[in-house]
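A short reminder: the numbers here are calculations on the coordinates, not readings from a lab. Please read all numbers here as calculations on a predicted model, not as lab measurements. Cβ atoms come from the backbone with ideal geometry, glycine included; neighbour counts cover every protein chain shown.
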Amino acid sequence: MNIGDIARITNLPAKTIRYYEDIGLVNPARDDNAYRRFNETDVHKLGFIGRARSLGFTIEDCRALLALYEDKDRTSADVKQIAQHHLDLIDAKITELKAMRTTLGHLIENCAGDHRPDCPILEDLALISQKEPS
């Protein structure tokens, strides 16, 4: 299969597939004319990586998960550790986003949104941090 075929099958842009090749996640064979030739293993790897990326795993996480997937002596604990770390990062981001939403909601609620120039949203954005310099 050529890169266009593999892009359609995996729903990944050709540019992304080339990038994954450049960083060593896949290594398609090359024809005499230097065109990439992808096989079923490449299709499976790219689908695996695409799914992992859609769940927000980093490239390095994908590399580690793919290595574990291919290692028949792996332990599920190693896989779970990577997934748990990623989930912890997601939970931290959700907490951060909720705090941002609460703050922004409060500012919007307190803004009259009328013809007057005073606006608590702009006042808050203009606040200089009260932190002491290090």
Practice item. Would you kindly state how much longer the chain becomes between Cys111 and Arg51 on full extension, computed as 0.36 nm times their sequence separation minus their alpha carbon distance, in nm to one decimal? Key: 17.4 nm
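Ranking His86, His106 by Cβ neighbours within 10 Å, fewest first, what do you get? List each step's numbers first, then the result.
Numbers: His86 17, His106 13.
Ranking His86, His106 by Cβ neighbours within 10 Å, fewest first, gives His106, His86.
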Check your understanding: Among residues other than Thr10 whose Cβ falls under 14 Å from its Cβ, what is the net charge (Lys/Arg +1, Asp/Glu -1)?
Key -> +3
Review point. Given Ile3, Ile128, Thr102, which one lies farthest toward the positive end of the charge dipole of the chain, if we put +1 on the Cβ of every Lys and Arg and -1 on the Cβ of every Asp and Glu?
Key: Ile3
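When Ile59, Ile6 are ordered from fewest to most other Cβ atoms inside 10 Å of their Cβ, what list results? Please list the in-between numbers first.
On the way: Ile59 14, Ile6 22.
Arranged by neighbour count, lowest to highest, Ile59, Ile6 become Ile59, Ile6.
What is the magnitude of the charge dipole of the chain about its Cα centre, with +1 placed on the Cβ of each Lys and Arg, -1 on the Cβ of each Asp and Glu, and no other charges, expressed in debye to the nearest 20?
On the way: 18 positive and 22 negative charges, 89 e Å.
Roughly 420 debye, rounded to the nearest 20.
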Exercise for review: Hand me the trypsin sites (Lys or Arg not before Pro) from the range 65-116 located in a DSSP loop with no more than 16 other Cβ atoms within 10 Å, in residue order please.
Suggested key: Lys72, Arg74
Revision key, fill the gap. Quick calc, the range 75-128, dipole around Cα centre from Cβ unit charges on Lys, Arg (+) and Asp, Glu (-), nearest 20 debye, gives 200
Check your understanding: Can you give me the Cα centroid spacing of the range 82-98 and the range 1-40 in angstrom?
Key -> 32
Check your understanding: For Arg37, which sequence-distant residues (separation of 5 or more, or a different chain) have an amide H within less than 5 Å of its own amide H, given hydrogens modelled in the peptide plane?
Key -> Ala29, Arg30, Asp31
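Where the convex hull is taken over the Cα atoms of the chain, what is its projected area averaged over directions, in nm²? Don't jump to the answer; show the numbers that get you there.
Working: hull surface 60.9 nm².
Across all orientations, the chain yields a mean hull projection of 15.2 nm².
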Revision key, fill the gap. Ordered by fewest other Cβ atoms within 10 Å, a rough proxy for footprinting exposure, Asp32, Asp71 read Asp32, Asp71
Check your understanding: For the chain, what does -39500 (n - 2.57) per DSSP helix run (n ≥ 4), summed and divided by total residues, give at 222 nm, in deg cm²/dmol to the nearest 500?
Key -> -20000 deg cm²/dmol
Exercise for review: Rounded to the nearest 10 degrees, what's the angle between the helix 59-70 long axis and the longest principal axis of the chain, both from Cα atoms, 0 to 90?
Suggested key: 40
Check your understanding: Ratio of the range 75-128's C-alpha Rg to 2.2 N^0.38 Å, to two decimals?
Key -> 1.91
**Study point:** Using alpha-carbon coordinates, inclination of helix 76-109 to the longest axis of the chain, degrees
**Key:** 30
